[in-house]
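Take a look at the structure below.
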Amino acid sequence: MSVRRCIRVGIGSLVLVTVAVWLGEAAAIAYDGELDPGFGSGGVLGIAMGSTGDDGWGRRCAVQQDGMLVIAGIVERLSEDVGVTRVTPIGSLDTFGAGGKVYWDSGWGDDGGWDVAVQNDGKIVVVGTSRLESSNHLTVLRFETNGAPDTTFGYNGYSIINFGVSSEGRAVAIQPDGKIVVAGHTSTSEVAVARLDAVGSLDSTFGTGGFFVLDDSMPLLGDRMIWDLDIFYGTVVVAGSIFVEAFPPFVPEDRTNTYLLIIDSDGLQVVEKSFNLLGGDSEARSVAVQPDGKIVVAGVSEVGSSIVVARFSGINLDTSFSGDGIYTRDFGEGDDEGWDVALQRDGKIVVAGSATVDSYLQAVVLRLNNNGSLDKFGPEVAGGNAQGYNAFRFGSESRALSVALTNRATLMVAGDAVATNGRAVFFAAQLKLPSFEIFADDFESGGFSMWSSKVP
């Protein structure tokens, strides 16, 4: 039988070349999305953070130029602290911090890391929340490549942003010029976005004094919760959820809508939009902007308790995607959630999340074609085709909360898991992308794109 492998050449409209390789009757098609047995244990890895008995919850990940995977999250020690770990391409802990792990404690109360990015110089930026006296604050940390605090950044390696009220940090992206954009929400349900310079000071050319806060002045619109951001040619796209009050007959009952906020590069002009997807509560957990400017969000819908992926052209649903602009996947056994989205250079869309499959809460990764149809991805099923997704776990349950493509023809996911001993641990997995092997060197150096933070 013949094995067909696609060689992709160039960026944007990729040239597809099919090479037939005769390997004999025992050969089988190698589909993208199978677990890499050379990583961890059968492709998955659980990382116990803290001391014996401490729980840890991985949140987001980023991939370094050398293929190392950095995961940031929350570790419950004496209090909740920011936890960061770094994993090698074979699934072992790297020489980072102490035993591959770093912790940060404000000293006042519970802290936590929610997102992470890697600068071109290898320094690691984490955004999250810290406790200062009686209030929470959006906090940005920067670490040296060896895990030590970068004392040239902010105050001894961290910068606390005071929006005037308590705030929670959720997302970070790094501009091509090295400036750091962070986003979250305040205790008064306002959207909070800030931009820092290379040394951790507020960038006065953005918003008002370096940050932008969207007040809660729109009628019938209430609590906003921010989960993610992307940068497209300097424009900041923020995604999350917003509470909408009942307004019969137009809004028959209270509901939660998918929420998008688009902020210009100066942090002054904004476009705010609320979307009622599928007729029930929905929430965007991640956002990525395509090279053509279309906005892709991944999240969850209460309709069928399903993973939902939507694409927008401007502020309208893009009906060229999945027929109506919305793709949903309900695995039928429990609550399914989409948590992160990444874009391949060939236009395919990778979504990470969690779903109850075969009676276990498992990490799930699926891939869509640019038109919103399910792609050939994951293990082979009856009929000789790929099932379109891969579900896997470490321990008794796992969630994939973050996904990133590497320059080694692999895909990395990170999140949290429950080990067989009942302890919550950081979770990582590596999936193979055999169709990308030949053009892996086509990725931009360092995995960064000049137009978007979500395309390798």
query: What are the radius of gyration and Dmax of the range 298-374, computed over its Cα atoms and given in Å?
result: 12.4, 40
query: Separation between the Asp358 and Val303 pseudo-spin-labels, each 7 Å from Cα along Cα→Cβ, expressed in nm?
result: 3.1 nm
Shape call, the range 31-447: gyration tensor on alpha carbons, a/c limit 1.5: rounded
Fraction in percent of alpha-carbon pairs per bin - 5 Å, the range 153-196: 6, 20, 29, 25, 14, 5, 1
For the range 229-331, the fraction of alpha-carbon pairs in successive 10 Å shells from zero, as %: 16, 47, 30, 7, 0
task: Can you tell me the FRET efficiency between Asp266 and Gln65 if r is taken as the Cβ-Cβ distance and R0 is 30 Å, rounded to the nearest 0.05?
output: 0.45
- prompt: Which shape class, rounded, prolate or oblate, goes with the range 39-78 when its Cα gyration tensor gives a ≥ b ≥ c as root eigenvalues, a/c under 1.5 marks rounded, and past that a/b bigger than b/c marks prolate?
  reply: oblate
field: Cα shape, the range 97-159, gyration tensor, a/c 1.5 rule
entry: prolate
query: Full extension from Ser189 to Ser396: what is 0.36 nm times the residue separation minus their Cα-Cα distance, to one decimal in nm?
result: 71.0 nm
message: Give me the extension gain from Lys294 to Lys348: residue separation times 0.36 nm, minus the current Cα-Cα distance, reported in nm with one decimal.
response: 18.1 nm
- request: Report the calculated FRET efficiency for Ser41 and Ala382 (r = Cβ-Cβ distance, R0 = 25 Å), to the nearest 0.05.
  value: 0.35
- request: Among the GluC sites (Glu not before Pro) in the range 42-139, which ones are in a DSSP loop with at most 14 other Cβ atoms within 10 Å of the Cβ? Mind listing them?
  value: Glu133
query: For the range 260-398, what is the Kirkwood estimate of the hydrodynamic radius, computed as the reciprocal of the mean inverse distance between distinct Cα atoms, to one decimal in Å?
result: 15.6 Å
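Rule-based calculations on the coordinates, nothing more; no lab input. What you see is a predicted model; the values in this text were computed from it and never measured. Glycine gets a Cβ as well: all are built from the backbone with ideal geometry, and neighbour counts include every protein chain shown.
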